[in-house]
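Written below as structure tokens is the structure these notes are about.
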Amino acid sequence: MYNCIIIGAGPSGASAAYALAKQGHSVLILDRASFPRSKPCGGGVSPAIASWFDFDFTPVIDNTITQVRYTWKIGDPVEATLKNVKPMWMVNRSAFDQFILDQAIQKGARFQDNTEVTAIQPQTEGWTVKTPRETFTATYLIGADGVKSVIAQWLGLTNPKPSLAGSLEIKTSQPPQNLNKAYFEFGLLKNGYIWNFPKSYGYSISGAILRGNKANSAELKKQIFTYATEFGLDTSNATYTEYPLGLWRENQTLHSHNALLVGEAAGVLDPLTGEGIRPSIWTGLKASEAISQSLQGNPHAIAKYSDLVKQEWGNDLILAQRLAGLFYQFPQIAYKVGVKRPSAAQIMGQILCGELRYSDITEQAVSRLKKSLIPGMKG
Ligand SMILES: Cc1cc2nc3c(=O)[nH]c(=O)nc-3n(C[C@H](O)[C@H](O)[C@H](O)COP(=O)(O)OP(=O)(O)OC[C@H]3O[C@@H](n4cnc5c(N)ncnc54)[C@H](O)[C@@H]3O)c2cc1C
């Protein structure tokens, strides 16, 4: 019997496995995919995660971003250099995810890929986890199975609020001087935006619909391809994939009997920017702390995890949702009075580095937007 079985070996599950194995707990991590596996993603990672681990991520950082370029419907550009924040990392997701997993395996975690979890059953002392070939048992479970989490459903917990994103991977060689600038396009895609992250092997162009209940898949694809062509890229050999995003629901409960949800299964993706890797890793690490404490006899540790995520991340995500609602409803004004402000790039850089919270900026940003929307309120 394992101390913990983790379902899903993405950044959230692998980080939880690493932290638990490092504490000397027995961990089994199961994933239905064959690893290293690809994941539709821009691969932009906040450097803030470096301080959460005792190993060095350098081997999987392809390049770093120090400059940003914003556009409105391909025109009206603004460029800014990120000052006083650490450069943002660009990673290839299959290498990045495998790297964290390898660190967990080195600490003693057992990993099995090509292994889909098909059922879970509560026992008096923990859980039975069924896969097509084998059945495993553990005292604790972590559901790290991503946005369409079946573990959440089986635990009777709510799935995150679904949204939609598309990813266009274009392989092309490019000069090193292109590798430090990231591109953000507003206006072309309704109710969302497009981000274009350079890598040494090409471009990852992502688009996400972050407002409203009805995501238009055809429109998403059309605008991502339009953007790529306008950017001057040949899309004839590009790979396009659509994938849902999991957004936070107010009052989301993330635990059940000896079981916790982490990462996008828990809906911790930022509804304004689409950032999911840093919050997913954070929840993985916090879940591992809760399980460690519970194993040491703290009877409240598991329930406290839900409260902690809500307080430390969920409340901020609600503010981000409020901001995203206004931002993507009135994108042209938001671009003019928000994105184009000289301080905007620094503020977003600080948010991504965890140096600023949405609670620090939302009130002022909403009031600035409202003043621009309501005639007579302009200061
Ligand atoms: C187009 C796009 C662009 C994005 N760009 C960025 C970006 O630039 N920066 C950023 O921070 N975030 C980005 N994100 C979000 C980011 O990719 C996710 O938030 C992140 O992958 C979530 O990690 P996770 O560990 O929770 O889940 P995942 O990475 O989704 O991993 C879940 C794992 O669970 C496994 N699994 C599922 N069901 C089962 C089962 N029944 N049994 C066994 N295994 C199972 C899957 O195979 C998978 O490996 C983007 C997302 C999209 C769609």
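The values are calculated or read from the model by the stated rules, or taken from the named source; none is laboratory data. Just so you know, these numbers come straight off a predicted model, no measurement behind them. Cβ: placed from backbone, ideal geometry, glycine included. Neighbour counts: every protein chain shown. Remember, those area values only see protein heavy atoms, side chains included, never the ligands or the DNA or RNA. Shrake-Rupley method; radii C 1.70, N 1.55, O 1.52, S 1.80 Å.
Worth a mention:
- Here the simple spin-label model places points 7 Å from the Cα toward Cβ, and for Lys214 and Leu373 these points are separated by 2.1 nm.
- Each of His257, His300, His25 has its accessible area taken with a 1.4 Å probe; listed largest first, they run His300, His257, His25.
- Charge tally for Ile65 (other residues, Cβ to Cβ under 12 Å; Lys, Arg +1; Asp, Glu -1): +3.
- In plain terms, the chain from Gln296 to Asp76 could stretch by 73.4 nm, reckoned as 0.36 nm per residue minus the Cα-Cα distance.
- Rounded to the nearest 500, the helix-only mean residue ellipticity at 222 nm of the chain stands at -9500 deg cm²/dmol, with each DSSP H run of n ≥ 4 adding -39,500 (n - 2.57).
- Packing-based order for 194-204, 29-39, 289-299, using average beta carbon neighbours within 10 Å, highest first: 194-204, 29-39, 289-299
- When the Cα gyration tensor is reduced to axis lengths a ≥ b ≥ c, the ratio a/c is 1.5 or higher for the stretch 331-373, and with a/b not above b/c it is classed as oblate.
- Net charge contributed by nearby residues that have their C-beta within less than 15 Å of Ser292 (K/R +1, D/E -1): +3
- If you take all other residues with their beta carbon under 12 Å from the beta carbon of Asp54, and give Lys and Arg +1 and Asp and Glu -1, the sum is +1.
- Packing here is the average count of other Cβ atoms within 10 Å per residue, and on that basis the peptides 76-82, 89-95, highest first, run 89-95, 76-82.
- Scaled to the globular estimate 2.2 N^0.38 Å, the Cα spread of the chain, given as radius of gyration, is 0.99.
- Placed amide H near Tyr140: partners under 5 Å, 5+ positions off or other chain: Cys4, Ile5
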